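Accompanying notes for the structure given below.
The values are calculated or read from the model by the stated rules, or taken from the named source; none is laboratory data. What you see is a predicted model; the values in this text were computed from it and never measured. As a convention, Cβ positions derive from the backbone with ideal geometry for all residues, glycine included, and neighbour counts pool all protein chains shown. We work out accessible area using only protein heavy atoms, side chains counted, and drop any ligands, DNA or RNA first. Shrake-Rupley method; radii C 1.70, N 1.55, O 1.52, S 1.80 Å.
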Amino acid sequence: EAAGRFPAQSLRPPRSGSDKIRRMARLDYDHFTQWITAAAREHSHDLTEHIIERTGSSRRAVRAMLKRLTETGWLQREGSISRPVYGPGSLRQVVRNYPLHGLQEDLPWQRDYAPNFTLPPHVARMVQHAFTELLNNAVDHSGGTSARVSLRQTPTHVQLLVSDDGCGVFDRIAGTYDIADPGLAMLELSKGRLTTAPQAHTGRGLFFSSQLADVFDLHANGTAYQRRAWDASGWRPGKALPRQGTSVYFALALDTTRTLEQILQSWSLAGDGIAFDRTLIALHLLVGPGGLLDSRAQARRVTARLERFKRAEIDFDGIADIGHAFADELFRVWGLNHPQVELLPINANARIRALIESARAG
């Protein structure tokens, strides 16, 4: 079916009984919320007639549904009883499906989404950035055929969900970089500047979209990781959605003081937001709870691609101990061979700091 539509018979009036009409309206309430925002904006003076034509339903059932949508905040109504004028309410949503072949990700934003939402300017800028970057990832990297995009606004938040039917982000990374373990793939993603199409991309889109959000969830083929802006530990394993492909959920408070410019600047040593030359490596992604970082192979996973940055903060949060080989490989061997990159350990306990200093002293 076309995006935003549903079977015409689903809202055909029952044979008798007003309570049956109400029950039928309730069954299809969620379908209405997916497209009523755009319909109310485009058909403010003839919304009832538009829905009757679109669904094949009775006038009585449509009026009952419009009343419910108005009462729950999806619509606002003005005008007279006989000539109502509708508009989008405090709750807004647009859900669309797109074929990925030849899709230009800016056009859905400009045509289908931006006109239907009222966001603070700095929030709209961040949502547009995440929308176009995540949809472009589906177009260029997923290998899928279609994507489903949902954008919802509430009185306090804006929520974006982009899902494709492709191979899944972790499988894509495994095929490109020979990293079969999803946890290690997430470690590489968390560093930034990781792309499976280096000739066309720089690996900024997913990274900066995650940094903009208050809540960011990444699901792919039975694996999920989540990031919360208020949790300094960064990425954590989450509960995966049971579906093929990649799904990315992005949520942001409307009263946030965060801006796109601030986020870009925070990962640039010059503070101008132009270069992306600072990164942070959360070592807990390399081992499970209570795990030990003891080998040179583990250290080499940490240092993979770090030569692309000028500063790498090595976050020991949640790490109780490390081995001599790990410390030596990371802070002496790699450090001596890459003096242009500053390795800055953070959140390390006294024993780990002593081991690092010993390794550096060599």
- Message: Quick check on LEU66: is it open to solvent by less than 10 Å² (accessible area, probe 1.4 Å), farther than 30 Å from HIS141 by Cβ and of a type outside the set (Ser, Thr, Tyr)?
- Response: yes
- Note on the structure: Residue count, segment 142-156, condition more than 14 Å from the chain's Cα centre (by Cα) and touching a residue at least 60 places away in the same chain (Cβ under 8 Å), comes to 6
- Hey, does segment 85-93 have a residue that's under 26 Å from THR145 (Cα atoms), touching a helix residue (DSSP H, G or I) at 6+ places or on another chain (Cβ under 6 Å) and at pLDDT 95 or above? yes
- Check HIS157 against each of (1) modelled with pLDDT of 95 or more; (2) farther than 23 Å from THR257 by Cα and name the one condition it does not meet. (2)
- Note on the structure: Picked from segment 253-305 (must be within 22 Å of the chain's Cα centre (by Cα) and of a type in the set (Asp, Glu)), the residue farthest from ARG228 (Cα to Cα) is GLU261
- Just give me the residues in segment 61-97 being outside any helix (DSSP H, G or I) and among the acidic types (Asp, Glu), in sequence order. GLU78
- Go through the residues of segment 196-209 one by one and say whether even a single one is within 15 Å of the chain's Cα centre (by Cα) and farther than 28 Å from GLN265 by Cα. no
- Task: Could you list, in sequence order, all residues of segment 99-123 that are part of a helix (DSSP H, G or I) and open to solvent by less than 30 Å² (accessible area, probe 1.4 Å)?
- Result: PRO108, TRP109, ASP112, TYR113, ASN116, VAL123
- Item | Top-ranked residue of segment 1-60 - restricted to ones that are at pLDDT 50 or above and not in a helix (DSSP H, G or I), ranked as farthest from the chain's Cα centre (by Cα) | SER58
